[in-house]
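Peer 1: Here's a structure for you.
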Amino acid sequence: MGQAIGQILPLAVSAAISPVPIIASILLLMTPHGTSAGSAYVVGWLLGLIALGAIVLLVAHPAGPTSDGEPAKWVSLLKLALGILVLLAALRQWRSRPHGTDEPPTPKWMGTIESFGVAKAFAVGLFLGALNPKNIPLTITAAASIAATGIGNGSQAVVLLFFAVLGTIGVAAPLGIYVATGDRAAQLLEGLRHWLLRNNPVIMTVLLVVIGSKILGDAITGLS
């Protein structure tokens, strides 16, 4: 199980660093539903990561490691494709960065976030956790890496849960700040929101280059 945790640790950290979903978490805390909506969003995100990872584990289960204990070739081929996709996403992020004093655009759905209740906040968290463009390759790679180690089903579930919990720290951080800082929360979270919005393209570019290179390197090692 230790090997599997080592494989997914950088992927989980990368899932946690998600500027736009973190901004959504901040905005939800500023709505009339505040803590309830923010908590529902975090739970949705966590379950989204678990759901996608579980689906990949179920699909990958029949094709575990080879008879000599080495990861199956399909895992390396999958990582090769995903690594290339992640690096292409990094290039796209870099090209979308703001220039000069330009204000970065925010997703249109964030303009309606003030009307979100608990159920809608949960649904958005679930969707972003499972299906946002960054989490898809990260979670698929993590689940495939877990399956490739050949550990038992129970251990696979524990490692997947570890991945999901660690990957949720980013979107849960504003909720922790909100609860811990009381009256100062609004000012602190607004500053964090502005900084994340301004630096999102650069943060994502660096993150995607690092993680894409890691996935690609693992694929090349597995295929050599």
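Every read-out reported here was derived from the displayed coordinates using simple, explicitly stated rules and does not represent laboratory data. As the structure is a computational prediction, the values presented were derived from the model and not from experiment. Here Cβ is always computed from backbone atoms with ideal geometry, including for glycine, and neighbour counts include all displayed protein chains.
Peer 1: Where nothing but the Cβ of Lys and Arg (+1) and of Asp and Glu (-1) is charged, how large is the charge dipole of the chain around its Cα centre, in debye to the nearest 20? Working shown, then result.
Peer 2: On the way: 12 positive and 8 negative charges, 68 e Å.
Using only the charged Cβ atoms, the result is roughly 320 debye.
Peer 1: Right, next: Of the residues Gly129, Gly176, Gly150, which exhibits the maximal mean-square fluctuation in a Gaussian network model of the chain defined by a 10 Å Cα contact cut-off?
Peer 2: Most flexible of the set in this elastic network: Gly176.
Peer 1: Apply the Karplus curve 6.51 cos²θ - 1.76 cosθ + 1.60, θ = phi - 60°, to the phi angles in the range 141-158 and return the couplings in whole Hz, x for Gly and Pro.
Peer 2: Listing the rounded values in order: 4, 4, 5, 5, 5, 4, 4, 5, 6, x, 6, x, 4, x, 5, 4, 5, 5 Hz.
Peer 1: Using a Gaussian network model of the chain with C-alpha springs under 10 Å, which one of Val159, Val42, Val118 is most mobile by mean-square fluctuation?
Peer 2: Val118
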